[in-house]
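Just below is one structure, and these are the notes that go with it.
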Amino acid sequence: MEKPMTIKDIARIAGVSPATVSRVINNNPAGVSRETRAHIQQIVQTYGYQPNNVARSMITKRSNTIGVVVPDIVNQFYTLLLKGVEDMAASRGYSVVLCNSNNNEDKELRNLSYLRDNYVAGIIYNNYRMSERTANLIRSSRVPLIFVDNWGDPIDGICVRINHQHGMAAMANYLLDMGHRAFAYLAGPEGVFSADMRRRGFLDALEERGIPFAPRGVLQHCAYSEEAGYEAAKQLLDEKRSITCFVCANDLIAYGVIRLLNERGLRVPDDCSVTGFDDIPFSRLLNPGLTTIYNPVQQLGRSAAQLLIDHIEGAPPPPQRELLFDTHLVRRASVKFLPL
């Protein structure tokens, strides 16, 4: 097997020192003439030289790799988030490694330890809840970190997120204008930042309009998943609740509700309306299309990566600790107008 080229081999062929080759390869060609730089780059290309990034990171204690930690890669929200991160990272010369914690604290701790031990340049982090053990590991690692769409308590950090309250308030006002009053609000997991903010936005909007949620409305917490939506809807329908609209804290919950309604022979929206939140791609393909709230997930990913790389490369942090992005209502065909 042919021995791989080394920096010393490139230096010998180019007639320069290994230090000069290293400066050119690492895009820091201070004191190297344009002609010498071009000569070295041509040799590197001719011989197909590939730097040993693992060895380099062990020496420098840093790499050009960003870690992304998410709780559930099955959710299309995180696929879109990763796309945004990768697009920005690639444009800045960084690669991305994905770690899926599967909503498991021990797995998340292993993922964070792996990223730290492999000298990632920084981490983009999202999870439904942060445990004290996770917070302690992040603090001790001293790796640059950006939160996405969740707040970092008990860690003070920079967070890139959407205005959850504004988004769900827009949904509430739309449904009220469409004549709905008997809501089943499937609120997502209790104690999770995004779910709590969306619930607050919905209830506050009703209060501002002078329309009580109770006694006609019912609120139930559930996981951010299709199966959880199905089970929550099943329980409410089995209780013979009079519901005109299921308001779901994310699109996956709405998918589960729609599956249950279809199994019961109930038509959306003729027999019952359903709404979601996030506007992940499948929502527009449903029949009828799901009325939901657009969440600029890819933009969140791009912005998080840009902030992280800027920090890695020495830029001062932004003056605000929270970067907030707007949402908007996406009206499709899953809501029926009910004359009052």
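Global size of region 55-186: 17.8, 65 Å for Rg and Dmax (C-alpha atoms, Rg to one decimal, Dmax whole). For the chain, the alpha carbon convex hull comes to 175 Å³ per residue, rounded to a whole number. Region 178-331 gives an Rg/Rh value of 1.05, both radii derived from C-alpha positions and Rh following Kirkwood. In this simple spin-label approximation, H328 and E239 carry label points 7 Å from Cα along the Cα→Cβ vector, and these lie 3.7 nm apart.
Within region 89-119, which residues have the backbone N less than 15 Å from the label spot 7 Å out from A315 along Cα→beta-carbon, could you tell me? From region 89-119, the list is 89-94. If you take the Cα centroid of region 64-79 and the Cα centroid of region 82-137, the two points sit 8 Å apart. For the chain, excluding the exposed loop sites themselves (trypsin sites (Lys or Arg not before Pro), DSSP loop, at most 10 other Cβ atoms within 10 Å), the longest remaining stretch covers 241-340.
At a probe radius of 1.4 angstrom, the accessible area of region 106-194 per residue rounds to 36 square angstrom.
Over region 115-219, the reciprocal of the mean inverse Cα-Cα separation, the Kirkwood hydrodynamic radius, stands at 15.8 Å. Seen against the Cα atoms of the chain and their longest principal axis, helix 76-91 is set at about 30 degrees. Per-residue ellipticity at 222 nm from helix content only, as computed over the chain with -39500 (n - 2.57) for each DSSP H run of at least four residues, stands at -13500 deg cm²/dmol. Expressed per residue, the C-alpha convex hull volume of region 257-340 stands at 122 Å³. Estimated from the Cβ-Cβ distance and a Förster radius of 30 angstrom, the FRET efficiency linking S95 and E132 is about 0.45. Tally up the carbon and sulfur contribution to the accessible surface of the chain as a whole percent, 1.4 Å probe, everything protein left in place. The nonpolar share, carbon plus sulfur, comes to 50 percent.
GNM on the chain, alpha-carbon springs under 10 angstrom: the most fluctuating residue among I123, I13, I280 is I13. Looking at region 299-340, the accessible area is 60 square angstrom per residue; that uses a 1.4 Å probe and ignores ligands, DNA and RNA.
The values are calculated or read from the model by the stated rules, or taken from the named source; none is laboratory data. Everything quoted here is computed from the prediction, not taken from an experiment. Because the Cβ atoms are built from the backbone with ideal geometry, glycine has one as well, and the counts that use them run over all protein chains shown. Note: accessible area is taken over every heavy atom of the protein model, side chains too, but ligands, DNA and RNA are not part of it. Shrake-Rupley method; radii C 1.70, N 1.55, O 1.52, S 1.80 Å.
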